[in-house]
Amino acid sequence: MAETGASSSSMGAPRPTGPYLARELCDEPHHECGFALLRLLKPPEYYEEKYGTSFFGLNRMYLMMEKQRNRGQDGCGVANVKLDVPPGIKYINCEKSIDKDPIKDVFERVQRMSAEKLARAPPEAHNDAREGEKARVDQSWVKENVPFTGEVFLSHVRYGTDSDNSIDRCHPVLRESNWMTRSLLLAGNFNITNNEDLFSSLVQIGQHPRELSDTVTLLEKIGHFVDKENNDLYVKYSATGQAPRTCFSLIAENINVARILRRASNDWDGGYCIAGLFGHGDCFVLRDPCGIRPAFYLANDEVVVVASEAPLIQTVFNASGDEVKPLPPGQALVVKRNGQWKLESVLAPQALKQCSFERIYFSRGNDAGVYREREHLGSSLLQPLMRMLEAGGDSLANAVLSFIPNTSELAFNGLVKEAQAEMSRRRADMIRQLLQKKQSGGYPGAGGGDAEDLEESLKRVGAMTVRTEKVVHKDAKIRTFIQEDTSREHLTMHAYDVHYGTVRGGEDVLIALDDSIVRGNTLKNAILRTLDRLGPKRILILSSCPQIRFPDVYGIDMAKLGDLAAFKATISLLQERGMGDLLTDVYKACRAQLSKPLASRDFVNHVRRIYEPFTAEEISARIVEQITPPGCNAEVGVLYNTVEALHEAMPEHAGDWYFTGHYPTPGGTKVCCRAFVLWFEGSSARCYGVNSAASCAQTPVLVVGHG
């Protein structure tokens, strides 16, 4: 077995510190980010009159970022574009923060700066006051002099997937020019699997990108075709004898955003929602053709708004569920500078593969669909749980149902509701049997012993209930610079605590539901040790999602195969059964995949082969062995949901690549193969963000000049 891969933890990679160490201490997966775009359609006076503030747009952006705090807390940025301001007036404002509370920091800073400017408005900028009212500042003066009072807003919260959490990494990112139609701000929720190939295509046409990141690559990729569109239109209008200034006014009116996006995105591979603002006022949001990453929009007579989640739009803008719609895959919502908006087809839609894990873990639970789906996932666990209990000689009668905070609470509700329904069915059956026994003469006379037995039996049946307790609660996140393994494990253990007296020692089976088991670290180092202190007979951990067997490559931070509990368990089984040759064969096959150009689209996920010799139950049993901490007194069991139950719960979210290995894009399959190669070779590198083997064939398009 000398040729089989080493765990990434065995390598000498730099140990993270601070918040990045905190992520190692926990088992929670993390999302890339969340965004919001807002276009105000009415004149500034309208919002000042109706809502009593010059900062209607800014305030709404703050609320939308606060309601996406779950998506990222490493950085926050907000940008604003003002329409039709005279030359010499700043028309783009952009502020970012990587403070410990970046949302609060950036918006407090922006609001303070804007309020101070507004407070210094000269007397001549004030309108005549109405009777009984304070004089108001003229909105035209506000727009020209106060930052963040324009018509178009873009904001973003970031979760960083590497150790570089600098301001430069925060969105929105700006490609600035003296020509408004060439200035571009970009932000989004995305991960591009073929970033290195796109980078190479930029180099081939003579560009010199400042770094190898998908953010910069997409900014320059779109920016390149923005330049081309500008040049083409300038040549067209100048050929008719128009003056340069007139030419650029015509470009601002007629620039074709959808055409730019079609040219820029035709070779992208990944999951993405990309939002952009042009300096002259056009804006857009583009969604990937498989619908992997989510985006929702609201358009009425006051605003056009797009965000990563629907319920925050409903809440912030007091909209009904029917008014907020999903952005169709492969399409861009484009808003022109005149306020007209349209859904434009950019990429041919593919089979819909909306991310299921997003719904299980990240999306806000106050979305009506998310609420129902998570409850359904919980309810689908009851019958296999009953079989697991009965196999160990237990039942619901000595079971305590609980959950691991916080996102699993809705699935727990579904499990409890189904358990209560099952208990009601069993009570009804037992009462029916008792009555049938009485009718058959089993309980002959009042006052006799048999009658007393009947009364006692009915009391016992009536007392049958489903026991639920909030056994676990989560303390504040541990953030520490301590790097010794033993100290870190001790700190991890105290990230959770229990409510004492909720479990009968030596008698009860403690059932704890979680939304997922990704790496198993938190279970081993914290949760199981903490639950074992209560002295239960058995501890059963339920996962509302199936076994996570493959890396996510589209934006959820599960990028290393060697970290995944299901993968580690499977490798252990292969090693135990002397099947190391299979690992070597899979490595060679994956290695061969990396030499193929992405344009061939002929990719096979050979990593799936390592799971074929084993049942899900065998893998779960080995996971139990690996996550059970030393000295644990209770018997431990793990129960995962099935892929079939997942699809039944959320039929519209068929993206399941982390469970099945069926990636919706060829780049996804290729990156999964890369992840296995990296693991096998003992590398601690992530499966994306490293150099790929070959670039796609590109047709260079040279843009001469910049104006």
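Hey, among Y587, Y658, Y663, Y640, which residue is modelled with pLDDT of 95 or more and touching an Asp or Glu at 6+ places or on another chain (Cβ under 6 Å)? On inspection, the qualifying residue turns out to be Y658.
If you filter region 311-341 down to residues that are open to solvent by 10 Å² or more (accessible area, probe 1.4 Å) and part of a helix (DSSP H, G or I), you find that the one that is nearest to G279 (Cα to Cα) is V316.
Taking every residue in region 138-161 that is without any contact (Cβ under 8 Å) to a residue 60 or more places away in the chain and farther than 18 Å from K100 by Cα and pairing it with any residue that is part of a strand (DSSP E or B) and open to solvent by 10 Å² or more (accessible area, probe 1.4 Å), at least 6 positions away or on another chain, the pairs with Cβ-Cβ distances below 9 Å are D138/H126; W141/H126.
Of everything listed in (1) crowded, with 23+ Cβ neighbours inside 10 Å; (2) under 30 Å from C632 (Cα atoms); (3) among the acidic types (D, E), the single unmet condition for D552 is (2).
I'd like to know if region 590-608 contains one or more residues that are touching a Ser or Thr at 6+ places or on another chain (Cβ under 6 Å), of a type in the set (D, E, K, R) and at pLDDT 95 or above. Scanning region 590-608, I find no residue that is touching a Ser or Thr at 6+ places or on another chain (Cβ under 6 Å), of a type in the set (D, E, K, R) and at pLDDT 95 or above, so the answer is no. Filtered by the rule that a residue be more than 17 Å from G661 (Cβ to Cβ) and either within 28 Å of the chain's Cα centre (by Cα) or in a helix (DSSP H, G or I) (or both), region 602-631 gives E617, E618, S620, A621, R622, I623, V624, E625, Q626, I627. Taking the numbered list (1) over 25 Å from F35 (Cβ atoms); (2) open to solvent by less than 40 Å² (accessible area, probe 1.4 Å); (3) among the charged types (D, E, K, R) in turn, K82 passes all entries but (1).
Go through region 46-161 and tell me which helices (runs of 4 or more DSSP H), entirely inside it, have 2 or more residues that are in contact with a strand residue (DSSP E or B) (Cβ under 7 Å, 6 or more places away or on another chain).
Counting at least 2 such residues, we get 56-66, 102-119.
Assessment of region 200-215 against the conditions (part of a strand (DSSP E or B), among the aliphatic types (A, V, I, L, M) and modelled with pLDDT of 90 or more) yields no matching residue. Just give me the residues in region 660-669 being open to solvent by 10 Å² or more (accessible area, probe 1.4 Å) and not hydroxyl-bearing (S, T, Y), in sequence order. Once the filter is applied, which keeps residues that are open to solvent by 10 Å² or more (accessible area, probe 1.4 Å) and not hydroxyl-bearing (S, T, Y), region 660-669 yields H662, P664, P666.
Of the residues making up region 550-575, those that are β-branched (V, I, T) and farther than 18 Å from S363 by Cα are V553, T570, I571.
The values are calculated or read from the model by the stated rules, or taken from the named source; none is laboratory data. What you see is a predicted model; the values in this text were computed from it and never measured. Note that we place each Cβ from the backbone using ideal geometry, even for glycine, and neighbour counts take in every protein chain shown. All accessible areas refer to the heavy atoms of the entire protein, side chains included, with ligands and DNA or RNA removed. Shrake-Rupley method; radii C 1.70, N 1.55, O 1.52, S 1.80 Å.
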